[in-house]
C-alpha cells in the first residue's frame, strides 16, 4: 500500500470520508510514519547490511563512532580488507559503536544492523519500507493516535486503547529504554557445563 491508500483506508475505518474532515491529512501522514517506526522498534523488522547506516570509516586512535540515527541495534561488525572478518571486542551505547581498542591504522567496518526507516513517507506514492504484508497493520497505530487527539469530536480513549492493543498484538510490546540498553550489551555469553 502506498501513502495515499493508507490515508484513505484510515479515513474509511474512522468514518472520516466527508469534508470537512475531522483529521487533517498531515496528521494521518505523521501517525502512519510513527506507526512504521513503532513497528520497527517493537518487531525489529528491517535488517540491513548494505545501506548508508552500515559502514564506518575507522580513524587511527579513535575508538567511538556515531551510529546513524535510524540504527536500533547492531548485530554484527566486520572488518573489511583483503580478507574480511568478524570484529570482536565492541560494544554499543545509545548513539555510538565503541571499540575495545582504538585502531592503529585507518580501515573500514561493515555493520549488520536493525534499523528504523531511512526517511519518512511524504509523497502519495511513497510506501512503507517494511514488508507489504505488515502495511494494513499500521492502520491500527494511526487510528490509536487519531482517537487520542484532544478534541471534543475525535477523542475516544476506549477506541484508542482498542487499536493500540491490536497493534501490540501484531508487533509486540515496545521495549523500555532499560530493556533496550540491556539488549545492546554485546558481552559474550559463557556457558558452563559438566562434562564426563
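The values are calculated or read from the model by the stated rules, or taken from the named source; none is laboratory data. Computed from a predicted model, the values in this text were never measured in an experiment. Here the Cβ is made from the backbone with ideal geometry for all residues, glycine too, and neighbour counts use every protein chain on show.
Of note:
- Given (1) at pLDDT 95 or above; (2) over 17 Å from the mean Cα position of the chain (by Cα), index of the condition residue 191 fails: (1)
- Members of region 127-159 that are assigned to a helix (DSSP H, G or I), in contact with a helix residue (DSSP H, G or I) (Cβ under 6 Å, 6 or more places away or on another chain) and within 18 Å of residue 6 (Cα to Cα): 137, 138, 139, 140, 141, 142, 143, 144, 145, 147
- Among the residues of region 94-120, those that are without any contact (Cβ under 8 Å) to a residue 40 or more places away in the chain, under 30 Å from residue 38 (Cα atoms) and in a loop (DSSP other than H, G, I, E, B) comprise 95, 119.
- The residues listed here are 77, 88; of these, the one that is part of a loop (DSSP other than H, G, I, E, B) and either over 17 Å from the mean Cα position of the chain (by Cα) or surrounded by 13 or more Cβ atoms within 10 Å (Cβ to Cβ) (or both) is 88.
- Scanning region 33-62 for residues that are more than 30 Å from residue 145 (Cβ to Cβ) and touching a residue at least 40 places away in the same chain (Cβ under 8 Å) yields 49, 54, 55, 56, 57, 58, 59, 60, 61, 62.
- Conditions (1) surrounded by 15 or more Cβ atoms within 10 Å (Cβ to Cβ); (2) in contact with a strand residue (DSSP E or B) (Cβ under 7 Å, 6 or more places away or on another chain): number failed by residue 95: (1)
- Residue match in region 172-184 (condition: touching a strand residue (DSSP E or B) at 6+ places or on another chain (Cβ under 6 Å), surrounded by fewer than 17 Cβ atoms within 10 Å (Cβ to Cβ) and either more than 30 Å from residue 8 (Cα to Cα) or modelled with pLDDT under 95 (or both)): yes
- Output for region 31-50, where each listed residue is surrounded by 15 or more Cβ atoms within 10 Å (Cβ to Cβ) and over 21 Å from residue 180 (Cα atoms): 31, 32, 33
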